[in-house]
1. Do we have any residue at all in the range B:11-23 that's within 14 Å of chain A (Cβ to nearest Cβ), of a type in the set (A, V, I, L, M, F, W, C) and out of contact with any strand residue (DSSP E or B) (no Cβ under 6 Å at 6 or more places or on another chain)?
2. Given the range A:312-406, what helices (runs of 4 or more DSSP H) lie entirely inside it while holding 1 or more residues that are β-branched (Val, Ile, Thr) and within 22 Å of the chain's Cα centre (by Cα)?
3. What number of residues within the range B:247-286 are at the interface with chain A (Cβ under 10 Å from one of its Cβ atoms) and hydroxyl-bearing (Ser, Thr, Tyr)?
4. Give, as residue ranges, the strands (runs of 3 or more DSSP E) completely inside the range B:19-75 that count at least 1 residues that are within 11 Å of the ligand (Cβ to nearest atom) and in contact with a helix residue (DSSP H, G or I) (Cβ under 8 Å, 6 or more places away or on another chain).
5. Name the helices (runs of 4 or more DSSP H) wholly within the range A:88-199 that hold at least 3 residues that are surrounded by fewer than 21 Cβ atoms within 10 Å (Cβ to Cβ) and within 14 Å of chain B (Cβ to nearest Cβ)?
6. Taking interchain pairs and intrachain pairs at least six residues apart, which have beta carbon atoms under 9 angstrom, with the first residue in the range B:183-194 and on the phi > 0 side of the Ramachandran plot and the second near the ligand (Cβ under 8 Å from one of its atoms)?
7. Among the candidates A:ALA717, A:ALA678, A:ALA721, A:ALA698, single out the residue that is away from every other protein chain (no Cβ under 14 Å) and part of a loop (DSSP other than H, G, I, E, B).
8. What are the residues in the range B:119-150 that are hydroxyl-bearing (Ser, Thr, Tyr) and closer than 15 Å to B:LEU91 by Cα, if any?
Amino acid sequence: MTGWVGRPITRFEDDALLRGAGHFTADLPAEAYLRFVRSPVAAGIIDGCIAPDGVMMITDTDLASVPPIKPIIRKFGYVPIAQPVLARGVVRYTGEPVAAVIGQTEEQAEDFADLVSLNITPAPVCVTAEAAMAPGAPVIHPGMADNIVVQTALTTPGYESANAKAAHRVVTKIRSHRQAALPMETRAAHAAFDAATGRVTLTCTAQMPHLMHRAITAMLGMAADELRVIAPDFGQKMSLAAEYVVLVWAALRLRTSIAWVEDRRDNLMASFHARDIAIEVEGAFDNEGRFLALRGDITANVGAYAPYPNTAAVEPLMSFTELPGPYDIGEYSCAARGVITNTCCSAPYRGVARPAITLAMERLLDMAAMQLGMEPAEIRRRNLIRIFPHTTPTGLVYDNAAYVETMEMALLAADVPGFRARQHAARARGVYLGLGMSSFCERTGYGSAAFAARGMDIQPGWEHVDMTLDGDGVVTARIGASPHGQGLRTTLAQIIADAVGVVPANVRVVHGDTDHTPFGWGTFASRSLVISGGASLIAARKIRERLLQQAASYLEAADADIDLRDGYASVTGTDRRVSIAVLAQVHGGFADDGFYDPLGTFSNATHIAMVAVDIETCMVRVERFIVAEDAGRLINPMIVDGQIHGGVAQGIANALLEEVIYDETGNILTISLADFLAPTAHEIPAMTILHRETIADATMTGAKGLGEGGTIGAPAAVLNAINDALAPLKVTINEMPATPARLHAALRGTK
Amino acid sequence: MKPCAFIYHRPSGLPEALALLAAHAPTGGRVLAGGQSLVPMMAYRMAQPSHLIDINHIATLQGAAMQNGALVIGTTTRHAAFKTGICPGPLGAMLGFVSSHIAHGPIRNRGTFGGSLANADPASEWCLVMVTLGGRVMLQHASGTRMVAAGDFFTGVMATALADDEMLTEAHLPWGQGDQWGFYEISRRAGDYALAMCLVVYRLDNGLMRDVRLGIGGAEATPRRLAAAEAILAGQAPTGPNFIQAADAAAAMLKPMTDHNVTALFRRDLVRAAVRRALHHSLNHE
Ligand SMILES: Cc1cc2nc3c(=O)[nH]c(=O)nc-3n(C[C@H](O)[C@H](O)[C@H](O)COP(=O)(O)OP(=O)(O)OC[C@H]3O[C@@H](n4cnc5c(N)ncnc54)[C@H](O)[C@@H]3O)c2cc1C
């Protein structure tokens, strides 16, 4: 029996986007436009902020009754820190919003912003984690003893003795430099006050419309009904923007519609950054190259403030919990900390900390393989987990998977012996080719238990779907999750179509509007298809049951003989049938709901990159890229491939190009796309993508999450490939991006 | 990233444009050519012109033709116009090849030859071509015209001999006897400004290199011919060892620009590679 699930149907989302007919927040006309005046320095005391006569300006004084953004974790020594929505007497990073001015056009608002005279007495800055942790460093937030906002450590009871037995010991330090998510659509918001109802409708780019609604109404003392949030979005918007709070405040105060569109400079300077992480790892191996123990030490520079809801702890804690990855590492000892600095705050970006921890583990394994005289694949073969479920030293439970088999698939496609021959021949001509691999597993689709374990005050997890089947034969699913470009509208339609018995085109997915959807947590952590898909399946199956009964009585047959498919109910083996629309009309429609809160599931992949390193110019070309992945059941293979293509492109950029750079005074140097280098089609090779489908029994649909995997695995594969290429020259590089300047310093030995 | 207010003019003839420039230059009026450098600078408010004099609708300023052994290029001739050979022979082929290194397709469709020269980015390919070939530019203002040699025109990073009320109207590109040319550019991504590039032109006389012109761009404040490297090659056979000597000489005499991406040492290494590869390119255009 074939259904819609598993077919590469084209995405319902694409038609409007490809025709240029998509809607964007910035398209909405407004009566007034707002512009933020931002701090030109990384640290200082505000002496004055004065607007010329006639310019309407909002400062912290106006917002005295608005509480700061202050998300909380009740574990891991987390110190809650407060971010006033507009700076309160002190600025803590370059680009921090200090005031907002209002004009009739965007141009005028920017003119006004230029006229504001902002006087700040600069204070000493800490730009790097090292500087912020140095003895005597200025403490950035009052009430803190130092700049460490969160720290945790764990040593398993058997660690010391296992570590002592090591036949080989390998230590390495990796550095993941700061990234920006670089969404095509920057943050944008439009808040419209309706005098008739007294409500504000906030249309904004956000991945969690319901949570934005909850946070903003609480901060501004609004009743829940006084705010409607419409937020379909794409990327970087998992966290509450202080700017949105100001905008809703202004719409309420001015009783008008008011818009803010972040420009590229502000986005690169003052939207959320990510992945400023340093990791030291030490592996203790036996004679055969098997892990006896792993030690990790993780420092994340989390910036000046803590984003809501995830807090400033997400990167160090995720690194700490997930560092061992797909390997059976034996015993574990790890310490992790998050450090406040005078930089823009760090927030979850596709993959979060995992590109960095994967780099650490995969460099460690390659270096161990070299020390033991083994092929990189062989040491992985000996250490990848083979028996499931597997419980890690930090208590994660990996569900059924096939890590070794996935790796072998990738290796076969890469033809490693063939590559080695080419590599050898090329070296003789002074051409340096390299092959690098990386294997990882990715925690996806996790429910509220996982968030409760973090001790977060806000514990996302479940999803809820309201579903109706109407007399026109159309199924409407109202979801709390929020598609943001990943094709969820299409994949949910495929799941629902099979379960109810309609065609996907007759499934409508309503999302991203707090007036029209049940509460849900939104899109993040590779969860939407797994959790919203599971909730959709639960709701659809309930409707199916009732539809079967209705059809059986209508067609005078037994329930068991009814086949529901593509809009019709028919009696198996006969030509008797009735349309589902008619059944729904007779019944007066069907309505049901689904609620799903899974424990989570781990997808996995092996990436292989083949690169050419030009040792004169220090330019790296990625020539081939292979991904073998296992994300359980493929709901739509084309969408899966698309997710991997995009993710790998971001990962290659992370490995070679993209970097947020501050100078030593905390001034940011990468504020345009001429400086923050995004990849183009020229830099990204065609990819070979291979799938395994280990059906996940941990999820309703058998699918595992895969939204972030491409981004997670690619950087380590590229770095390993560069190191493989340069091995004859005895040069290593463990920093990403591996820019030409860094490669040059490594090659010339001039650090 | 919205520009400051400005007044927009669209003259259809050169005298009118020059008159507008004379009138408004003293209070911040500027020429708008392809807008591919000026408009982004206005968006970032690094440029805040009070008046823009759009020269895109002056028909006489567009197009190129050979005159007395030189290619005369109208200032608003687009980068894209060079793609398939703006003139016959090696000059057209060379310009076509070089033009493909400038930015990306959409930018090449708008950006202009003269705009690139007036903008004087140290890494502009057209500036390098002008200096290496010994080109001249015609500068006009409401009451006169002067010709300036490319080597004198570029005075620093994004600085030229243009007076505020002057417009660059033509570029003259001479092409000597030589028909050997080679070009190599190193940039982070396809379409990015060069970190270093080299253009070399010479003729072969019984297998020996003559009239060698070797220029580098993207590495110093302005593009420059490197006499010491040229001297090493002159009268020699075009062989690998000679190329290496010339490349070493180029790297040694460099006054490198540095920034957070490129140290002085790295820039020298890049120039060495660019020079050697441009020389090899001159032997093999595959
Ligand atoms: C993403 C990107 C990548 C790029 N990469 C490259 C590259 O690799 N190489 C490269 O060379 N360029 C590159 N450019 C710049 C591009 O080539 C521009 O077209 C060129 O620098 C300026 O030409 P324009 O016609 O667009 O001039 P405009 O932007 O219109 O003007 C530039 C400046 O010159 C002045 N001006 C223009 N014409 C005249 C004139 N006739 N007389 C007097 N003053 C004049 C203007 O007032 C202004 O100050 C890039 C641009 C972008 C956006």
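Any read-out appearing in this document is the output of simple, stated calculations on the displayed coordinates, not a laboratory observation. What you see is a predicted model, and the numbers here were worked out from it, not measured in a lab. Here Cβ is always computed from backbone atoms with ideal geometry, including for glycine, and neighbour counts include all displayed protein chains.
1. no
2. Where helices (runs of 4 or more DSSP H) fall fully within the range A:312-406 and carry at least 1 residues being β-branched (Val, Ile, Thr) and within 22 Å of the chain's Cα centre (by Cα), they are A:314-322, A:354-372.
3. The qualifying residues number 1.
4. Of the strands (runs of 3 or more DSSP E) lying wholly inside the range B:19-75, those with at least 1 residues that are within 11 Å of the ligand (Cβ to nearest atom) and in contact with a helix residue (DSSP H, G or I) (Cβ under 8 Å, 6 or more places away or on another chain) span B:29-32, B:51-54, B:70-74.
5. Result: A:106-115.
6. Once the first residue is on the phi > 0 side of the Ramachandran plot and sits in the range B:183-194, its partners that are near the ligand (Cβ under 8 Å from one of its atoms) give B:GLY191/B:HIS101; B:GLY191/B:ILE102; B:GLY191/B:ALA103; B:GLY191/B:HIS104; B:GLY191/B:ILE107.
7. Result of the check over A:ALA717, A:ALA678, A:ALA721, A:ALA698: A:ALA698.
8. The answer is B:THR132, and nothing else.
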